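Structure, as structure tokens:
Values in this text are rule-based calculations from the coordinates and carry no lab data. All figures in this text were calculated on a predicted structure; none of them were measured in a lab. Cβ placement follows ideal geometry from the backbone for every residue including glycine, while neighbour counts extend to all protein chains displayed.
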Amino acid sequence: MKTAVLLKQVPSSDSSLRLDPDKNWIREDNITFAANESDSYALEEALQIRDKIGDGEVVVISLGPERASRTIREGLSKGADRGIHIMESFPYTSDSFKAASLLAASLKDENFDLILAGLQSDDIGTGQTGVILGEMLGMSTATLVMETDLNGTHLRVKRELESGWFQWLSMDLPACITIQSGINRPRYPSLKGIMGAKKKEIKTVSKEELTAQAALQIIDKVYIPKKTKRTEMIEGDAEQVSGRLAGILKRDIRVL
């Protein structure tokens, strides 16, 4: 079993975010970066699958600048066997279609049986990269996975639907699935794992070396929503007041 895990580096949740002068991204000075939350669950699921079948290889892949190698190394210290780093510089890839095409170009010759990704990234949050990647590589795909059951060349996954409903889905390998946070309990790197990660291979490839589709969208502006307050006195009889309130709730606040 050859498994790939997409591992993205994002600003940690306790970092103070400030916009850069051009307002097209955030200032990265004094920011702590960490592995994307749902990607950490995807890595743990891949490691558990390998441990259960007693054989196989887990490869972590990250698209990002040089600092992303720290996140790859963390994945190796948790038990992944090797890493692939698609190196890029600012401006970073923000289009899911282009990101998926870069990942597909770097992974197509690897012939993975299974690719796991987090449901969505904590910074961009489109939730599309894993699904598009599976389509590009001709794999069966599933999203919002809360449980996996591998039996030979067949994979059963439990998907989270709306309103507390779940769905069991059977699919053939190779497959690409996106993992929901909470599927397991991610492990911490051990001292032995940290020391061993220093000897594990990380293959580095430049984004410019890969053939990728052109971006379909770009980040035009990043901004903090302005907070405004407005007070309106509604006068009249009960029928007039209630009619005006209903109109505000429908058209302005949109709760009806």
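Side notes on the structure shown:
- Sites listed here are trypsin sites (Lys or Arg not before Pro) in the range 205-241 whose DSSP assignment is loop and whose Cβ has at most 10 other Cβ atoms within 10 Å: LYS221, LYS226, LYS227, LYS229, ARG230.
- Sparsely packed loop sites in the range 35-68 (the GluC sites (Glu not before Pro) outside DSSP H, G, I, E and B with at most 16 other Cβ atoms within 10 Å) comprise GLU66.
- Sites LYS23 and LYS192 - FRET efficiency at Förster radius 41 Å, r taken between beta-carbons, to 0.05: 0.35
- Linear extension gain, SER140 paired with LYS221, 0.36 nm per residue minus alpha-carbon span: 25.7 nm
- Taking each residue as 0.36 nm, the span from GLU110 to SER206 lengthens on full extension beyond its C-alpha to C-alpha distance by 32.8 nm.
- Efficiency of FRET from Cβ geometry, LYS229 and THR126, R₀ 22 Å, rounded to 0.05: 0.10
- Neighbour counts of other Cβ atoms within 10 Å put HIS154, HIS85 in the fewest-to-most order HIS154, HIS85.
- If you run the Gaussian network model on the chain, springs between alpha carbon atoms under 10 Å, then out of GLN128, GLN120, GLN240 the most flexible one is GLN240.
- Angle in degrees between helix 96-107 and the longest Cα principal axis of the chain, rounded to the nearest 10: 0
- Full extension of the chain segment joining GLU66 with SER170 gains 33.6 nm, where the gain is 0.36 nm per residue of separation less the Cα-Cα distance.
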